[in-house]
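Data block below; observations after.
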Amino acid sequence: MSIRHSLLALLQDRPRYGYQLRTEFHERTGSAWPLNIGQVYTTLDRLERDGMISRDGDDGAGHILYSLTPAGADEVRTWLRTPVGRSNPPRNELAIKLALALTLPGADVGGIIQAQRAVSIRALQEYTRARRDAAAQPRLTDTARLLVLDSLIFQTEAEVRWLDLCEARLMQLTGPA
């Protein structure tokens, strides 16, 4: 996830200070990805250094406001127009864990699959419940949240199907328990 680009995009409509950016990010994405406030301010410092944002005074309560510069606006437009690359897939900790467990003597790969399936199904239920709640709210930020939740639901459904396939392959390899 590009925090850099996310913060730039959030500054498009008006100047904001760091905590506002964090709150807005969480609201628009349904808090699906925690964003550390220290990470926000570190990224803001880098964006200012790179000429993408500038300090725009304060809000009267001592919070430094940041505004998008023309270079930052160009960066957002380019980011939005550019498809997300698929050449380097994100690292999948679960796939790595299962691949390594399969090669380790005494590792209970079936147990790992069952435990993960339970966690994934619980997450799927939580995402579905959150989606139902968000769908009841006809605001634009809730529509943005729905997009994120739909993505998480589809990814989690795919993970459960993949775990089923892993279990079937394990059974082919070892035979039924």
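Bear in mind that the values in this text are calculations on the coordinates, not laboratory data. Because the structure is a prediction, the values reported are computed rather than measured. As a convention, Cβ positions derive from the backbone with ideal geometry for all residues, glycine included, and neighbour counts pool all protein chains shown.
222 nm [θ] for the chain, helices only, -39500 (n - 2.57) per DSSP H run of 4+, per residue, to 500?
-22500 deg cm²/dmol
Within the chain, what is the longest stretch that has no trypsin sites (Lys or Arg not before Pro) placed in a DSSP loop and near at most 14 other beta-carbon atoms within 10 Å?
Segment 1-85 is the longest.
Using amide H atoms built 1.01 Å from N in the peptide plane, name the residues 5+ places from residue 16, or on other chains, whose amide H lies under 5 Å from its own.
Hits under the 5 Å cutoff: 66.
With an 8 Å cut-off on Cα pairs and a minimum separation of 6 or more residues, tell me the relative contact order of the chain in percent.
On the way: 153 pairs, mean separation 35.7, N = 177.
Contact order relative to length: 20 percent.
Under DSSP H, which helices of the chain have Cα atoms covering 15 Å or more of the helix axis and a Kyte-Doolittle average no less than 1.0?
Within the chain the helices that satisfy the rule are 93-103.
Sum up the charges of everything whose Cβ sits under 14 Å from the Cβ of residue 41, counting Lys and Arg as +1 and Asp and Glu as -1, but leave residue 41 out.
The answer is +4.
Can you tell me which of 68, 80, 124 moves the most in a GNM of the chain? Springs connect C-alpha atoms under 10 Å apart.
80
Would you grab the residues whose amide H sits under 5 Å from the one on residue 53? Only those 5+ places off in sequence or on another chain, please, with H modelled 1.01 Å from N.
Here 48, 69 satisfy the definition.
What's the exposure ranking of 66, 19, 127, going from fewest to most Cβ atoms within 10 Å? Write down the numbers at each step before the final one.
On the way: 66 25, 19 12, 127 22.
Ascending number of Cβ neighbours within 10 Å: 19, 127, 66.
Say a paramagnetic label sat at a point 7 Å from the Cα of residue 171, along Cα to Cβ; which residues of the stretch 103-135 have their backbone N under 18 Å from it?
109-118
How much FRET efficiency would the formula 1/(1 + (r/R0)^6) give for residue 73 and residue 150, where r is the Cβ-Cβ distance and R0 is 30 Å, rounded to 0.05?
E between residue 73 and residue 150, to the nearest 0.05, is 0.60.
Work through the residues other than residue 144 whose Cβ is under 13 Å from its Cβ and net out their charges, Lys, Arg +1 and Asp, Glu -1. If you can, show how the numbers build up before the last one.
Values: positive: 28, 131, 139, 145; negative: 24, 27, 142, 150.
My count for the surroundings of residue 144 gives 0.
To the nearest 0.05, how large is the calculated FRET efficiency for residue 133 and residue 107 if R₀ is 30 Å and r is the Cβ-Cβ distance?
In this case the efficiency is close to 0.15.
Hey, with R₀ at 25 Å, roughly what FRET efficiency would residue 27 and residue 157 work out to, going by the Cβ-Cβ distance, to 0.05? Before the final figure, lay out the partial values.
Details: r = 25 Å, r/R0 = 1.01.
Working from the Cβ atoms, E equals 0.50.
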